[in-house]
1. Explain nothing, just the number: dipole magnitude of the chain about its Cα centre with +1 on each Lys and Arg Cβ and -1 on each Asp and Glu Cβ, in debye rounded to the nearest 20.
2. 222 nm [θ] for the chain, helices only, -39500 (n - 2.57) per DSSP H run of 4+, per residue, to 500?
3. Once you list every other residue whose beta carbon is under 11 Å from the beta carbon of Lys54, what net charge do they have if Lys and Arg are +1 and Asp and Glu are -1?
4. Explain nothing, just the number: relative contact order of the stretch 30-221, from Cα pairs under 8 Å at least 6 residues apart, as a whole percent.
5. Using modelled amide H (1.01 Å from N, peptide plane; none on Pro or chain starts), what sits under 5 Å from the amide H of Thr39, excluding residues fewer than 5 places away?
6. Just want to confirm a number: the relative contact order over the stretch 24-124, from Cα pairs under 8 angstrom separated by 6+ residues, in percent.
7. Rg and Dmax of the chain, using alpha carbons, in Å: what are they?
8. Among 59-65, 193-199, how do they line up by average Cβ neighbours within 10 Å per residue, starting with the highest?
Amino acid sequence: MISEETIQHQGRRFDPYEFNAGTSLAINMNDYLILATDTRHSSEMGINTRNISKIYFLDDLYLIVTGFYADGYEVYINLLYQLIEYESKNNKKMGIRSAAHLLHNLLYRKRFFPYYSYCILGGFDKKSQKFLLFSFDVVGSYGETVCRVDGSGTTMIQPLLDSRISKLNWENNDTKVTDCKEVCELVKIAFKSAAERDVKTGDYLDLVVVKKDGIERTLHKLRHD
C-alpha cells in the first residue's frame with residue numbers, strides 16, 4: 001500500500017515541460033511537400049489561443065515543431081541563427097541534408113535536459129532534384145521519411161497515411177495516391193476526424209503545399225469546442 005507521504009512527495013515532483021501543441025503532419029510526394037498543423041495552443045484542459053501556427057519558414061526550408069511551445073520556438077530561433085550565419089560566411093544557403101544534420105546537433109547537445117520538441121524538417125534537394133523530409137525525436141535522432149505525424153492526434157492519423165500514402169498494408173501498392181488535391185482532401189478529412197476526438201486538436205487547419213514554383217497556404221476551419 002502506498003503511504004500518504006509517498007503520494008504527497010510525488011505530487012511535488014518537478015516537471016518543467018508542458019504539452020501545448022495539438023497535431024502536425026508532413027508528407028513528401030517527391031514533386032511537392034504537404035505540411036499541415038492545427039492552430040490550437042492548449043495547456044492541460046484550457047485553450048490559450050486558437051490561432052498559432054507550428055510551421056516555421058526558413059527561407060527555402062520548412063520546420064514543423066510539436067510539443068512544448070517555448071522549447072519549439074527556441075529550436076526555431078537557434079536553427080534560423082545558424083542558417084543565417086552559415087550563409088553570411090559561405091555566400092550560399094545551406095542544403096536540406098546539411099540543415100538536417102545541424103538540427104540533429106542542436107537537439108542532441110541538449111540531450112541531458114532535452115527540448116520537448118518533435119521536429120520535422122523539409123526542403124528541396126538540388127542534387128537529387130526532389131523534395132526531402134526528415135523527422136526528429138527530442139534528442140536529435142532522425143531519419144528520412146515519406147509521411148510523419150506528431151502530437152496528440154498521431155495514433156488516429158498516422159495509420160491512415162501509412163495505408164493511403166505509403167500503402168504499407170496493401171498487397172498491390174502500385175496505385176499510390178499522387179494527385180495533390182486528393183492528398184490535401186485526405187489531410188483535411190484526417191484533421192477533421194482527429195478534432196472530433198482529441199481535445200488538443202482543433203480550431204483551424206493550417207495547410208501548406210510546397211512546390212518548385214511556389215507555396216500555397218490555406219486555412220480551414222476545424223471544431224472549436
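Read the figures in this text as sums done on the coordinates, not as results from a lab. Fair warning: this is a prediction, and the values are worked out from it, not measured in the lab. Glycine also receives a Cβ, built like all others from the backbone with ideal geometry; neighbour counts cover every protein chain displayed.
1. Values: 29 positive and 30 negative charges, 110 e Å.
Dipole of the chain, to the nearest 20 debye: 520 debye.
2. After summing the helix terms and dividing by residue count, I get -10500 deg cm²/dmol.
3. Net of charged neighbours comes to -2.
4. Relative CO of the stretch 30-221 lands at 26 percent.
5. Residues meeting the amide H criterion: Gly202, Tyr204, Asp206.
6. Values: 123 pairs, mean separation 27.2, N = 101.
Reported relative contact order: 27 percent.
7. That works out to 18.7, 66 Å for Rg and Dmax.
8. By packing density, highest mean first, the sequence is 59-65, 193-199.
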